[in-house]
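Working notes, beginning with the structure itself.
The values are calculated or read from the model by the stated rules, or taken from the named source; none is laboratory data. Remember, predicted model here, so these are calculated numbers, not experimental data. Quick reminder, even Gly has a Cβ in these numbers, built from the backbone with ideal geometry, and neighbours come from all protein chains shown. Remember, those area values only see protein heavy atoms, side chains included, never the ligands or the DNA or RNA. Shrake-Rupley method; radii C 1.70, N 1.55, O 1.52, S 1.80 Å.
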Amino acid sequence: DTVFVGTWGGGSFRSTDGGSTWMKLDEEHTFSPTCIEAWSADPAIVYACDRTSPLIHRSTDGGTTWREITDGLPSVDLGRMGLCISPVDTDVVYGVLDAARDEGGFFRSTDRGESWEKRSDHAPGGDYYNEIFCDPADVDRVYSMDTWMQVTTDGGETFEPVGETHKHVDNHALWINPNDSNHLRAGCDGGVYETFDRGATWIYFENLPIMQFYRATVDTSEPFYFIYGGTQDNATLGGPTRTRNRAG
């Protein structure tokens, strides 16, 4: 029932009744989180990334008050960040961030966000990516959303492609089965895909009408006119508005 929301220009909010009512958090420090991470077993500890003056903020009272964390993070201007808490060891928090002067990269904290260590230069880019997801069974395995999805098995020192044979690219979201970490569902520019072998093979959910169209037009075909549209990443498609075929 505890939900956290970050708003653009309006600060952060918390609900303790599943969203029926909301309370604004930390009136003294109004910041606009691009991401909020909390561990369900201990929702008192919350992490947030600030959009307006990019820093990692940490709360130990459920978001009522926040404190900026700087130990181990670049001292230059920071860009968009992504965070994830390891379900295996909640003392371990990972972060991926952009920074000026090429000082961004992949960071890890082993003391619940109090201090950070840079593990590598891996940073897909905050303008479109910088989303990471921790494996529920392996503290060192973290997935990074990117044009081609990446994974580390050594806590961020090295990354390698997950594997996307017969799968669309441009990844933005990932669900990992908490009971079977070989089972993943990925959300990308091409739709939703599922794998039961950590990316060796993928299944496409082609029954979901979620393709992104930019333009649409019609022709004068008879008896049923056609609709055409330009789609995200997948060229131009067209089809009839009706058909005499019983199967559609």
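List of remarks:
- Close pairs (6 angstrom Cβ cut-off, 6 or more residues apart or separate chains): open to solvent by 80 Å² or more (accessible area, probe 1.4 Å) in the stretch 156-167, of a type in the set (Ser, Thr, Tyr) and modelled with pLDDT of 95 or more anywhere: 157/120
- Where residue 194 falls short, out of the listed (1) touching a residue at least 24 places away in the same chain (Cβ under 8 Å); (2) open to solvent by less than 80 Å² (accessible area, probe 1.4 Å); (3) out of contact with any Cys (no Cβ under 7 Å at 6 or more places or on another chain): (1)
- Of everything in the stretch 3-35 that is among the hydroxyl-bearing types (Ser, Thr, Tyr) and either closer than 12 Å to residue 65 by Cα or open to solvent by 70 Å² or more (accessible area, probe 1.4 Å) (or both), the residue that is nearest to the chain's Cα centre (by Cα) is 12.
- Every condition in (1) touching a Pro at 6+ places or on another chain (Cβ under 7 Å); (2) open to solvent by less than 20 Å² (accessible area, probe 1.4 Å) holds for residue 224 except the one numbered (2).
- Failed item, numbered, when residue 68 is tested on (1) in a strand (DSSP E or B); (2) modelled with pLDDT of 95 or more; (3) acidic (Asp, Glu): (2)
- Some residue of the stretch 132-148 being at positive phi and buried (at least 16 other Cβ atoms within 10 Å of the Cβ): no
- Search result, residues across the stretch 228-248 that are more than 27 Å from the chain's Cα centre (by Cα), of a type in the set (Val, Ile, Thr) and either open to solvent by 80 Å² or more (accessible area, probe 1.4 Å) or closer than 16 Å to residue 190 by Cβ (or both): 236
- Members of the stretch 168-191 found to be crowded, with 16+ Cβ neighbours inside 10 Å and closer than 22 Å to residue 105 by Cα, listed by number: 170, 171, 174
- Test: residue in the stretch 197-209 that is open to solvent by 80 Å² or more (accessible area, probe 1.4 Å), aromatic (Phe, Trp, Tyr) and either modelled with pLDDT of 90 or more or over 30 Å from residue 120 (Cβ atoms) (or both): yes
- When the stretch 83-111 is limited to residues that are in contact with a strand residue (DSSP E or B) (Cβ under 6 Å, 6 or more places away or on another chain) and assigned to a loop (DSSP other than H, G, I, E, B), the one that is surrounded by the most Cβ atoms within 10 Å (Cβ to Cβ) turns out to be 104.
- Subset tally (residues that are surrounded by fewer than 13 Cβ atoms within 10 Å (Cβ to Cβ) and not hydroxyl-bearing (Ser, Thr, Tyr)) for the stretch 36-45: 1
- The stretch 112-131, subset of a type in the set (Ser, Thr, Tyr) and closer than 15 Å to residue 35 by Cα, residue most open to solvent (accessible area, probe 1.4 Å): 128
- Selection status of residue 163, touching a Gly at 6+ places or on another chain (Cβ under 9 Å) and either assigned to a strand (DSSP E or B) or closer than 28 Å to residue 86 by Cβ (or both): yes
- Residue check, residue 63 open to solvent by less than 50 Å² (accessible area, probe 1.4 Å) and at positive phi: yes
- If the condition is being part of a loop (DSSP other than H, G, I, E, B) and under 30 Å from residue 98 (Cα atoms), then the stretch 1-39 contributes 2, 8, 9, 10, 26, 27, 28, 29, 30, 31, 32.
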